[in-house]
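K.L.:
Shown below is the structure under consideration.
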Amino acid sequence: MDRLFNSHWFVRVIAFFVALMLFAMVNQDNLGNQPSVLPTISNSSYTLEEVELQVNYNEDEFVLTDAPSTVQINLSGSRSALAYFQMMRPAYEVFVDATELEEGTHRAQIQYRGFPSELSVSVTPTTANIELQEIQTSSFPVQVDLINTDNVEEGYTVGTPIVTPINVDVTNAREWLSYVESAKVFVDMDGADGTVEDEYPVHIYNSDGLELEMDSNPNFVSVRVPVTSPNKMVPVNIKRTGKLKAGLSIENIELEPGDVTVYGPSDYIENLESLGGVEIDLSKIDESTTVELEIPVPEGAERVEPESISVDVTVGEEEERELSSVPLTIMGTSDDKTAVFQTEQPALINVTAFGTEDQLNRMSTSDFQAYVDISEASAGNKELPIEFNGPQNIRFETEDSDALLTITDESE
């Protein structure tokens, strides 16, 4: 058998008969009335169901609101031509040419192209009712629906969403556009512990809350949802460093704002009463002025708002006032720890107060206190500094800056 297939004459005979059969199939209609070694093949028909109907129209000005989606195609011709069509499936098109039609309802002829010329083609139906509507564009504000807001981290607060752009355009047929009620985006807040920011798709809805198959311009918008940690508003304590130039005194220091908002974990915020760490250097001030001071973020906090405050400093000419027979108080005593002044230490002292004339005139003896703090001192005869509690913008001096005491501590 291998020798037979390797024979050139055998291959040539087989090729001849294959070519003869193909020639007969293609030309069988012409050979039908002539003597032939092959049987005659008669005409037949073939039906194409649900063939897509293409409507060509001016898409820049109109929207196709009504048209049949499919038609039926009937093909007739020789069986060989039909067989060839079924086997090769050539590209064909069934369409309505509506490029010259204006807005309204029209009855248009259905056309076709791309079918083999050997086949007869008929379309059912032969015409199509189509409707064109003028394109219109309307603008709609974007609504943000926040979902799972109950699932943000404990203690965190969800703020008002910020959308960019705030409006989107919807372009469609006039009638369909009238059904649009809203444009929405949905933001999932599940587990959020900080600001949520991303691009989200826009959905179009009618008045019944049903989503419409319409696109917007743009299709995506940027949404930023602030999520703030636990926070507390507390006053700012200003620490004064340095000394004013000789002859000047502080008349008033005013903070704007006087309170700031501190953000951080709940356990930190609950125990926070004031914010320190803000310093003003008095040595750099030689006249009434306004100083901008940055607010440091204390350890344990996340952030502080605002990040800086304005400090209005009013200075005036320094005056002095002599205060006689001021009681000297001992502070820091307890059941075990007591103290008495030594015999050479008077319990009443003379004090000089320095400040502006207005500050001194408004001060009374009940506004300040001279004292000695023994809380950190050990038992025995001690010489401890005299300190003062009084108006913040007034400083106090005594002739002797230290007091002599004898301290007894029974716990030692």
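The values are calculated or read from the model by the stated rules, or taken from the named source; none is laboratory data. This is a predicted model, so every value here is computed, not measured. Here Cβ is always computed from backbone atoms with ideal geometry, including for glycine, and neighbour counts include all displayed protein chains.
K.L.:
Quick one: in segment 179-229, which of the residues that are among the polar types (S, T, N, Q) and touching an Asp or Glu at 6+ places or on another chain (Cβ under 8 Å) is modelled with the lowest pLDDT? Spell out how you get there, then give the answer.
P.N.:
Quick first cut of segment 179-229, residues among the polar types (S, T, N, Q) only: 182, 195, 206-207, 216-217, 219, 222, 228-229.
Still in the running and touching an Asp or Glu at 6+ places or on another chain (Cβ under 8 Å): 206-207, 216-217, 222, 229.
Working: 206: 94, 207: 93, 216: 94, 217: 94, 222: 97, 229: 84.
Top of the filtered list is 229.
Listed here are the residues, each with its yes/no results for (1) under 23 Å from residue 148 (Cβ atoms); (2) polar (S, T, N, Q); (3) surrounded by 13 or more Cβ atoms within 10 Å (Cβ to Cβ); (4) free of Cβ contacts under 8 Å to residues at least 24 places away in the same chain.
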{"site": "161", "(1), (2), (3), (4)": "yes, no, yes, no"}
{"site": "168", "(1), (2), (3), (4)": "no, no, yes, no"}
{"site": "174", "(1), (2), (3), (4)": "no, no, yes, no"}
{"site": "186", "(1), (2), (3), (4)": "yes, no, yes, no"}
{"site": "191", "(1), (2), (3), (4)": "yes, no, no, no"}
{"site": "194", "(1), (2), (3), (4)": "yes, no, yes, no"}
{"site": "202", "(1), (2), (3), (4)": "yes, no, yes, no"}
{"site": "207", "(1), (2), (3), (4)": "no, yes, no, no"}
{"site": "223", "(1), (2), (3), (4)": "yes, no, yes, no"}
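K.L.:
Would it be correct to say that residue 248 is within 30 Å of residue 65 (Cα to Cα), aliphatic (A, V, I, L, M) and either in contact with a strand residue (DSSP E or B) (Cβ under 7 Å, 6 or more places away or on another chain) or at pLDDT below 90 (or both)?
P.N.:
Working: within 30 Å of residue 65 (Cα to Cα): no; aliphatic (A, V, I, L, M): yes; either in contact with a strand residue (DSSP E or B) (Cβ under 7 Å, 6 or more places away or on another chain) or at pLDDT below 90 (or both): yes.
Spelling it out, it is not the case that residue 248 is within 30 Å of residue 65 (Cα to Cα), aliphatic (A, V, I, L, M) and either in contact with a strand residue (DSSP E or B) (Cβ under 7 Å, 6 or more places away or on another chain) or at pLDDT below 90 (or both).
K.L.:
While we're on this one: What are the pairs, 6+ residues apart or on separate chains, where a residue within segment 354-366 that is in the same structural domain as residue 328 (by TED's automatic domain parsing) has its Cβ under 8 Å from a residue that is surrounded by 16 or more Cβ atoms within 10 Å (Cβ to Cβ) and of a type in the set (Phe, Trp, Tyr)?
P.N.:
354/396
K.L.:
Please go through segment 105-124 and give me each residue that is outside any strand (DSSP E or B) and either over 27 Å from residue 173 (Cα atoms) or outside the structural domain of residue 71 (by TED's automatic domain parsing) (or both), ordered by number. Give the steps one after another, and end with the answer.
P.N.:
The first filter runs over segment 105-124 and keeps only residues outside any strand (DSSP E or B), leaving 110, 114-119.
114, 115, 116, 117, 118, 119, listed by residue number.
K.L.:
List every residue pair whose Cβ atoms lie under 8 Å apart, where the two residues are 6 or more positions apart in sequence or sit on different chains, the first residue falls within segment 257-276 and is closer than 10 Å to residue 233 by Cα, and the second residue, located anywhere, is in a strand (DSSP E or B) and aromatic (Phe, Trp, Tyr).
P.N.:
Matching pairs, first to second residue: 269/263.
K.L.:
Here's a follow-up. Restricted to segment 389-404, and to residues that are under 17 Å from residue 343 (Cα atoms) and assigned to a strand (DSSP E or B), which residue is nearest to the chain's Cα centre (by Cα)?
P.N.:
This residue is 402.
K.L.:
Here is a check on your reading of the model: is residue 96 under 30 Å from residue 214 (Cα atoms) and not in a loop (DSSP other than H, G, I, E, B)?
P.N.:
Working: under 30 Å from residue 214 (Cα atoms): yes; not in a loop (DSSP other than H, G, I, E, B): yes.
When the stated conditions are applied, residue 96 passes them.
K.L.:
Right, here's the next one. Take the residues of segment 302-313 that are at pLDDT 90 or above and surrounded by 16 or more Cβ atoms within 10 Å (Cβ to Cβ): which is farthest from residue 355 (Cα to Cα)?
P.N.:
For segment 302-313, the residue satisfying everything is 304.
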